[in-house]
Amino acid sequence: MFLYAFLYFLKKSKVSSFEILFYIALIIAGVIQLSQLNWLHIVYLLYIISLTTFYRPITVILLSLTVPLLEIRHFMDSSIFIEETVFNISVILTAVMTSYFISSVNKKRDKLESELKSMKEENSNTTQTAEFGSIKEDSVIAQYLSSVTKTDEEIKEVLLIIKQSIVAESVNLFVPSNNNLKLRCSSEDTQEIIPSGEGLITQCLKEKSTIITADINEMGYEAGYIKKGKITSFISIPIIDEPFVLGVLTADTSRFSAFNEADANNLQLFSKQLIRILQRERVYSQIQRSHAGLRVLHEGSSKLASSLRLDVLAQKLVESCFNIAPSSIIFLLKTGSRFEIAQHKGKIPIEKTSLDLKGTLLDMVKKNMEPLYLSDVRNYSLPLLPAKTKDISSVFILPLLYEKELLGMLVFLSEKIDAFTPYQIDLLGVLGTQASISIANARLHSEIEKMAVTDGLTGLFNHRHLQECLSTEFKRRERFSEPLALLLVDIDYFKKVNDTYGHPAGDKILHGVANILKDTIRNIDIAARYGGEEFAAILLGTESSGAKNMAERLRNAIMNTAFNVEGKQLQVTVSIGIAIFLGLSDKKESLIERADQALYHAKRNGRNRSVLWNEIKR
C-alpha cells in the first residue's frame, strides 16, 4: 500500500485518489484502536477538512461516509452508541458543508483571477496608446470591484462551519478599531453580540496567544463582549498575518469545559482561510484607492494639457491639487529673483502678491530644489512664509522644475498635524511634473506669441500688431463712442546719425527713444515701432487737447535726453503728427493718413514740433 501511495503522489494523478485517501483513513482508525485514545477521533475532522482544499466535493463526501464503517465496532457498544452516532453525523456534515464552502470560494477566486487577468491585459493594451490608459476603462475596474464586495458573507460562512465543527453556540470575529476591538462578523445576529471593552479578547490581541477557559465565570474572567446566552466555555485565537494582527476569532458555549487543544487547532486551521479573505479585502481596498487617485490625477493632468495660458493653468492646477489634498494652497511663479502668487485657495496669511523668500522655509526649498514635508511646524525655528503662520501645523512644499530650472512652487498648508499622506504626496509629485511641463510650454508659447507681435530691436509692438489694435479699437467704437488719438513720431535727421556714427549707434538711439515713448504714455495706451525711425502710439479715451499735451511731453523728454554712444553724448529731436478719431463714419486708414499728413507738416515746418491735423491750414 505504501509503495502504491508513493507512486501515486509521484505521478500526481487523482484517478485513484479515493483508494489512497481511504487507506489513510484506515490507518487513522488503526492508530485510534491501538492507542485506545478516544479524543483522537477529532483527527477524522481535521483530515476531512484538509482534503476539501485539494479534492472534489464528491470525493470528500464519499470518504466521510466510510468513517462510520471504520468505526462500526463502537456502534456495538451501547454505552457510547449515541455519542458515536452524533460524531459520525458531524463528520459527514462537516465534509458536506466544508466542501460546499471551499468549492464556492474556489469558483469565486477563479472568476476574480480571470477578470483581473482580463483587466490587466486590456489595461496593458491601453497604456500603449495613452499615458493614463490604465484607468481609461472605468467599467472594467468597476465590474472587478463590484464582484468582491461580499467579504462579510464569506466570513460568516466560515464562522458557521466553525460553529458546526467545534459545536459552539456562537463564533465571532473581532477586528481592531481605534485602540479597541469591534465586532466584524458573527455566526449569530450581530445585534446580539455587544463588545464591552477589555476582557479576554483584548488580552488575546495584546499577547497574540490562544486562550481557552473551561468555566469563565469561576475563573472571574470576562469575555470582552456581551451576548444574550450564557458564556461558560470560551476559546479565542489571534488572527495573525505577520507582522500584523488582523483580529481575534472567538467561540463560546454555555456548556462546561467544552473546548480543548484540538478545538484550538481546528480554529487555527480555519483562521488561515479568514486571513486569505481579509488579505484579499485589503488588496481590493488598495486597488480601489489607487484607481480613484489615478482618476483624479488623470483628470487634473488632462486639464493642464488643455491650455497654454498661464492664468488658466494656475487656476486648474490649484483646483486639481485641492482634489488630491484638500488644504490651503499657494501657487508661486518665479519672476526674476522674486516669486509672484499666481493662484491660491483657502486661508493664506499673505496680502502681497510679489514675495521675497529670503530667510524663510521656502527659500531653503528654492535653493535645494527638493520637495519638503513637515508634519508639525508649530515650533519650527525657521519662518515658513514671509508672513505670520501661527495657525499652520503641517506644510508640504513642492518645487516645480523643468530641465533643472525652478519655475515655481506649490505650497500646501494645513491646520492639522500630519495632514498629508505619502500617497497624496506621491500623486502631487506626479501632478507637479505634469504642471512643470505645461508651464514651460505656456511660457514658450507666450514668448513665441510675443515675438510674433514685437519688434526685436525696441521691444515695442510691431507694425502688424499696431494695425490689428487699431482695427479692434475701431470695432469697439461701433458699440461704444469713445475718443481716440493716434501719434506718429519720427526722429529728425536720423540718417545723419547712421551716416556719422554707424548703424550700431543708430540702433541705440532707436532703443532709447522707444524706452522714453513707453515710459511717457499710460499703461492703457499702445506703443509700436511703425517702421525705420518712425514710432506710433494709440492713445485710448483721449481728446485732441490731451493728445497734444502727451505729444509735447514726449517731444520734450526726447529732446532733453542725452544718449551715450561710444563715449559720446548725442541728442536728437522728434517731429510728431497727431490725428483724432472723428466718429462712426471715420475709417482706420483715414486716421493713419491724417496723422501722416500732420507729421509731414511738422517736418516741413522746422521739425522738433508736434502738430494736430485739424490745425493744418488747407
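Of note:
- Förster radius 51 Å - calculated FRET efficiency between Thr472 and Leu382, Cβ distance, rounded to 0.05: 0.55
- Charge context of Leu470, other residues only, Cβ under 12 angstrom, K/R +1, D/E -1: +2
- A full extension of the chain between Thr335 and Ser585 corresponds to an added length of 85.5 nm, given 0.36 nm per residue minus the alpha carbon distance.
- Here each label is just a point 7 Å from Cα along the line to Cβ, and for Arg607 and Leu62 those points are 11.9 nm apart.
- Lys pairs, segment 521-607 - Cα-Cα below 24 angstrom, 8 or more residues apart or on other chains: 4
- Rg and Dmax of segment 416-570, Cα atoms only, in Å: 22.5, 73
- Approximating the spin labels as points 7 Å out from Cα along Cα→Cβ, the Val245-to-Asp356 distance works out to 5.8 nm.
- Ranked by the mean number of other Cβ atoms within 10 Å per residue, highest first, peptides 507-513, 232-238 order as 232-238, 507-513.
- Debye-sum result for segment 356-435 in log10 I(q)/I(0), which assumes one identical scatterer on each alpha carbon, at q = 0.25 Å⁻¹: -1.27
- In this structure, the residue pairs whose Cα-Cα separation is over 23 Å, taken from Lys208/Lys272; Lys156/Lys182; Lys404/Lys518, are Lys404/Lys518.
- In this rough spin-label picture, where each label sits 7 Å from Cα along the Cβ direction, the Lys367-Asp189 distance is 7.0 nm.
- For segment 490-568, the Cβ-based charge dipole about the Cα centre amounts to some 140 debye (Lys, Arg positive; Asp, Glu negative; other atoms uncharged).
FYI, it's all coordinate maths here, none of it is from the lab. These figures come from a predicted structure and were not determined experimentally. FYI the Cβ positions are ideal-geometry reconstructions off the backbone, even for glycines, and counts take in every protein chain you see.
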